[in-house]
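Worksheet for the structure shown next.
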Amino acid sequence: MKMMQKACSDFEAFFLGFVFKRAFVPVFSSSLSSREELWFRELWVEEVARRASAQGGVGLGKFLFERLVKEGKFHDLGKV
């Protein structure tokens, strides 16, 4: 059960990272930015997404987990 919750939380972090990166494209694509700065900013956005998800995020991970449990679409991976 914990593995499924972690997977749902990780998915939410990935999704938030994707959304945040798309939101910051105009900001990050400055011609004055170095390759290293762009790389750092991308890592920063990923960390922000991970921390947001860890603190409840937008509820996508929780919703996904509850939905999977309700529909019986998960199994205890530790017993497989």
Check your understanding: How many residues does segment 3-21 hold that are under 17 Å from F40 (Cα atoms) and surrounded by 16 or more Cβ atoms within 10 Å (Cβ to Cβ)?
Key -> 2
Exercise for review: Could you grab the pairs with beta carbons closer than 8 Å, sequence gap of 6+ or different chains, first residue in segment 56-73 and more than 13 Å from A7 (Cα to Cα), second one among the small types (G, A, S) and surrounded by 13 or more Cβ atoms within 10 Å (Cβ to Cβ)?
Suggested key: G57/S9; G57/A13; V58/A52
Exercise for review: Of all residues in segment 1-59, count the ones that are β-branched (V, I, T) and at pLDDT below 80.
Suggested key: 2
Revision key, fill the gap. (1) touching an Asp or Glu at 6+ places or on another chain (Cβ under 8 Å); (2) modelled with pLDDT of 90 or more all hold for E66 apart from (1)
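The values are calculated or read from the model by the stated rules, or taken from the named source; none is laboratory data. Every value quoted in this text rests on a predicted model; they were computed, and no experiment measured them. Positions of Cβ are generated from backbone atoms using ideal geometry, with glycine treated the same way; all protein chains shown enter the neighbour counts.
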